[in-house]
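Coordinate-derived values only; no laboratory data. These figures come from a predicted structure and were not determined experimentally. Reconstructed Cβ throughout: ideal geometry from the backbone, glycine too, with neighbour counts over all protein chains shown.
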Amino acid sequence: MGISAVRVVSLPVSDQDRARDFYVDVLGFELVADTEMGPGMRWVQVRPPGSLTSITLVTWFESMAPGSVKGTVLESDDLEADVARLARSGVAVDADIRTAPWGRYVTFDDPDGNGLVLQTTSSGF
């Protein structure tokens, strides 16, 4: 099979400007593109710095309600510092850092209610 990577994941949002600002200003993602695609349609694409995989913040898929995606996993190389930065930015983290066999994590939502997991993976996984 010739599939070699996941390049773009679509995340449904209600307000692309608000979502872009959250992912760029709060989470520290890079803005890859913010381009008009036609009447009432924009391609807003963000990614963690240096990542090959990016997220497009979409409003035009009727079957994808804003806030309906749960479990998008983001990797952190300094979970404690990232959780503190989220708290300073007013993001409500669901609980203290939790430990699982595969690593440590917290969960929180973006402004639309899309559920995000911020984790640090243990070596060996």
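In a shell of Cβ-Cβ distance under 13 Å around residue 114, excluding residue 114 itself, what net charge do Lys and Arg (+1) and Asp and Glu (-1) give?
Computed value for this residue: -2.
Can you sort 55, 3 so the residue with the fewest Cβ neighbours within 10 Å comes first?
Ordered from fewest to most neighbouring Cβ atoms within 10 Å, 55, 3 come out as 3, 55.
Roughly how many Å is it from the Cα centre of segment 80-117 to that of segment 1-66, as a whole number?
Cα centroid of segment 80-117 versus Cα centroid of segment 1-66: 20 Å apart.
Taking N as the number of residues in segment 8-121, what is its Cα Rg relative to 2.2 N^0.38 Å?
Normalised Cα radius of gyration, segment 8-121: 1.07.
Can you compute the modelled spin-label distance between residue 98 and residue 41, with each label point 7 Å from Cα toward Cβ, in nm?
3.8
Estimate the FRET efficiency between residue 117 and residue 31 by the formula 1/(1 + (r/R0)^6), using the beta-carbon distance for r and 30 Å for R0, to the nearest 0.05.
Step by step, r from the Cβ atoms, then E = 0.85.
In whole Hz, what ³J(HN,Hα) sequence does segment 101-108 give by Karplus (6.51, -1.76, 1.60; θ = phi - 60°), x for Gly and Pro?
With coefficients 6.51, -1.76 and 1.60, one gets x, 9, x, 10, 7, 9, 10, 7 Hz.
What does the charge dipole of segment 1-102 about its Cα centre add up to, to the nearest 20 debye, if the Cβ of each Lys and Arg holds +1 and the Cβ of each Asp and Glu holds -1?
That gives a dipole near 240 debye.
How far is helix 79-88 tilted off the main Cα axis of the chain, in degrees rounded to 10, range 0 to 90?
For 79-88 against the chain, the angle is about 60 degrees.
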